[in-house]
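The structure under discussion appears below in the form of structure tokens.
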């Protein structure tokens, strides 16, 4: 009769890229401070445009083949960039006028839960080896999201702020889900390049039409340096994140989205910010606990015959010794 073996963690080589990506995202939160008074969409257009240029320039040195998207793949690229990059930033700029940043951060902290639930379902519909959501991954996602919400804290909001928070949550989730549909054939590098190009164009159109009066502010040294770092962090984070999505699936990789908030807190602390309250440290511990639960793989089943065979061989060896 088959007996389950103890669950084991996912390989570090599959988990590390997404973890590094979220640390880079956390650093981007801290590095965005000089852009608070700059035109948001114009700055994002520069960020994504530079990121796309970096990915295109570095593809050959890193021996990456950029595959041409075809058919429905363009739809997933457009949806991913439109929802996860353009719409996300639009909701962010409107949401900050109606809600505290902590309130928006708390909503986005639920991304691991949505990915744990939707990732396997969307994989099944795309014809891959999808299955129903894993209870272990969903539990881990709930714990990770609770910890990330503690790190983000609460905050005031109004109905418009709530709507913006929902758009940010759905956009962040859609970016990964759409990528999971095409990254298997296109690869992480191609999807990252294509979405940054689309996002640069979309944000550029909005910036040129709605932010003309404030465009000169982007020429200051602070915003320019911030855009340069954000471009580098974006290019690296996208490629690393979708490399893990390709290896682990969007549900398991989504657990690591909870690392971004704690990473931003620790990076800000290292940069000289004041120590956060106790609730933030508790949240960090809760995130780690959720990762420990969710990143353990399903137990495999070993047949009783194989187990008894090993026991017999061990008994024979003891008698001979």
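Short to long, the 20 Å bins of the Cα pair-distance histogram for the stretch 3-320 hold 31, 55, 11, 3, 0 percent of all pairs.
Hey, fewest Cβ within 10 Å first, where do 246, 158 land in order?
Fewest-to-most ranking of 246, 158: 158, 246.
Here the stretch 204-247 and the stretch 268-292 have alpha carbon centers that stand 26 Å from each other.
Cβ crowding within 10 Å ranks 296, 132 as 132, 296, fewest other Cβ atoms first. The angle separating the long axis of helix 111-125 from the principal Cα axis of greatest extent in the chain is about 70 degrees.
How do 167, 278, 252 line up, fewest other C-beta atoms within 10 Å first? Working shown, then result.
Numbers: 167 19, 278 9, 252 28.
Listed from fewest to most nearby Cβ atoms, that is 278, 167, 252.
The long axis of helix 260-270 is offset from the longest Cα principal axis of the chain by roughly 70 degrees. Helix 278-294 and the longest principal axis of the C-alpha atoms of the chain enclose an angle of approximately 50°. For the stretch 3-320, relative contact order (Cα pairs under 8 Å, six or more residues apart, normalised by length) works out to 40 percent.
Read the figures in this text as sums done on the coordinates, not as results from a lab. All figures in this text were calculated on a predicted structure; none of them were measured in a lab. Heads up, the Cβs are rebuilt from the backbone with ideal geometry, glycines too, and the neighbour counts pull from every protein chain shown.
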